[in-house]
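A.B. asks: Before anything else, here's the structure in question.
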Amino acid sequence: MIKVVTTFVIAVSLFCFSFANAQDFYGQAVYESKILMNDKIQINNSESMTETMRQKLEETMKKAFEKTIVLNFNKQESIYLQEEKLEAPKPNSPMNVMVFKSNGDGKKYKNVKEKIQISEEDIFGKDFLIVDSLEVWNWKLENETKKIGNYTCYKATALIPVSEEAKKEYEENKKNTGDGKTQFITALEPKDHNITVWYTPEIPVSQGPDRYWGLPGLILEANDGQTIFLCSKITLNPKEKTEIKRPIKGKKVNQKEYDKIFKDKLESMKDSKGNINIQVRG
């Protein structure tokens, strides 16, 4: 009887120890991301743009679309922040492309227990705090596996339909372009697209880069046909634990309200023909 009780106590102690460790599980993942420019915009041929100017424009935009992002996470929360990599354009460079901070570049917080996400964003110096529910993903778990670094990853897919708002915005832009003004860049028609992610149960957190989450393991790679995220480094339970704090800076809005504010700001920058001019000197 004493032996049975002793065995039970040891088992309970081991369970409590494992549970405590799981609760304190934390880490950091570094992602490299890039936007596939040709799937979102195209640079048009023009007599006023030389081949050298075109190549420099493509190179500048490519660099603007490449980012390094750090995700700090624990079992319930994560905080996601872009590292600053870009240098300001030089005044005397042969090409000067106006690049501004884009929608979605700020700090992102996710809490999978409370099902909320909070982001800090700014629109030309004005700060906003976006508080909303976590996006719902209807993941389909596939049978395929592959190695990313030392981790065995499993494939999951989901369909992202084009919103009616995106369709309407494209049609409006289509009507407002042309009219005799030279167009260097044209937005392509938005379409439904699939997203493919690779997650590893070896890191048991339901987190991932950007807005992605909801799988039984950390998402190490994501590709929606327009943007690619690939994890380049993982550190688990480092000696110096990064505290995950909820963003608090800015005017509180939900995602729909923020999207409208951002869209209105872009509209205010357009000329009478609906164009946002890009300054190119060569």
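Quick grid of which residues meet (1) farther than 28 Å from residue 32 by Cα; (2) part of a strand (DSSP E or B); (3) modelled with pLDDT under 95:
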residue: 182; (1), (2), (3): yes, no, yes
residue: 210; (1), (2), (3): no, no, yes
residue: 221; (1), (2), (3): no, yes, no
residue: 261; (1), (2), (3): yes, no, yes
residue: 266; (1), (2), (3): no, no, yes
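A.B. asks: Could you please find all residues in region 208-260 being exposed (fewer than 14 other Cβ atoms within 10 Å of the Cβ), without any contact (Cβ under 8 Å) to a residue 24 or more places away in the chain and closer than 15 Å to residue 78 by Cβ?
C.D. replies: 243
A.B. asks: Under the condition of being surrounded by fewer than 17 Cβ atoms within 10 Å (Cβ to Cβ) and modelled with pLDDT of 90 or more, which residue from region 116-130 is nearest to the chain's Cα centre (by Cα)?
C.D. replies: 116
A.B. asks: Now, a different point. What residue, of 113, 108, 101, is at pLDDT 90 or above, within 29 Å of residue 246 (Cβ to Cβ), among the charged types (D, E, K, R) and not in a strand (DSSP E or B)?
C.D. replies: Result: 113 is the single residue among 113, 108, 101 that is at pLDDT 90 or above, within 29 Å of residue 246 (Cβ to Cβ), among the charged types (D, E, K, R) and not in a strand (DSSP E or B).
The values are calculated or read from the model by the stated rules, or taken from the named source; none is laboratory data. This is a predicted model, so every value here is computed, not measured. Ideal geometry is used to build each Cβ from the backbone, glycine not excepted, and the neighbour counts take in all protein chains shown.
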